[in-house]
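Inspection log for the structure reproduced underneath, given as structure tokens.
The values are calculated or read from the model by the stated rules, or taken from the named source; none is laboratory data. The shown structure was predicted, so the numbers you read here are calculated from the model rather than taken from an experiment. Here the Cβ is made from the backbone with ideal geometry for all residues, glycine too, and neighbour counts use every protein chain on show. Please note that ligands, DNA and RNA were not included when accessible areas were found on the heavy atoms of the full protein model with its side chains. Shrake-Rupley method; radii C 1.70, N 1.55, O 1.52, S 1.80 Å.
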Amino acid sequence: VQLQASGGGSVQAGGSLRLSCAASGSISSFNFMGWYRQAPGQQRELVATDISGGSANYADSVKGRFTISRDNAKNTVNLQMNGLKPEDTAVYLCYVRGSRTGWKSVWGQGTQVTVSS
């Protein structure tokens, strides 16, 4: 599977962005799909994960502001980001994991999100 992320950009604090990650094939069998982010000099951190389309986990720092959703018809996983803060500035990377990937994470290329104060 190949993943293509899009939707990054530059916004002011309080603004919104919607990230989308398109897979090259069906995503319905992937148990985990989601987003990590990595800021310069920082470790990669989990932002949000969709679990088989039935539940989601979020980092504490984004709860109530970010919403992850999976669209099996379009083979995409999306991240709606509202109330953006400067500390959300990072490269955002999407991933999938499941039996089809041998339970290893497959990564897409990153998309830059920059939030100015």
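List of remarks:
- Taken residue by residue, the range 19-28 has no member that is surrounded by 13 or more Cβ atoms within 10 Å (Cβ to Cβ), at positive phi and either among the hydrophobic types (A, V, I, L, M, F, W, C) or at pLDDT below 95 (or both).
- Being aliphatic (A, V, I, L, M), open to solvent by 60 Å² or more (accessible area, probe 1.4 Å) and out of contact with any helix residue (DSSP H, G or I) (no Cβ under 6 Å at 6 or more places or on another chain) is a description that does not apply to Ala56.
- Selected residue (criterion: farthest from Gly64 (Cα to Cα)) from residues of the range 2-36 that are of a type outside the set (Phe, Trp, Tyr) and touching a helix residue (DSSP H, G or I) at 6+ places or on another chain (Cβ under 8 Å): Ser29
- In the range 1-14, the residues that are without any contact (Cβ under 8 Å) to a residue 60 or more places away in the chain and under 30 Å from Lys104 (Cβ atoms) form no Cβ pair under 9 Å with any partner that is open to solvent by 50 Å² or more (accessible area, probe 1.4 Å) and part of a strand (DSSP E or B), whether six or more places apart or across chains.
- Among the residues listed as Gln38, Gln42, Gln4, Gln12, the single one being in contact with a Cys (Cβ under 9 Å, 6 or more places away or on another chain) and either open to solvent by 60 Å² or more (accessible area, probe 1.4 Å) or among the basic types (Lys, Arg) (or both): Gln4
- For the range 80-96, the set of residues classified as out of contact with any strand residue (DSSP E or B) (no Cβ under 7 Å at 6 or more places or on another chain) and aromatic (Phe, Trp, Tyr) is empty.
- Across the range 61-113, the qualifying residues are those that are open to solvent by 50 Å² or more (accessible area, probe 1.4 Å) and more than 24 Å from Phe30 (Cα to Cα), and the one among them that is nearest to the chain's Cα centre (by Cα) is Gln112.
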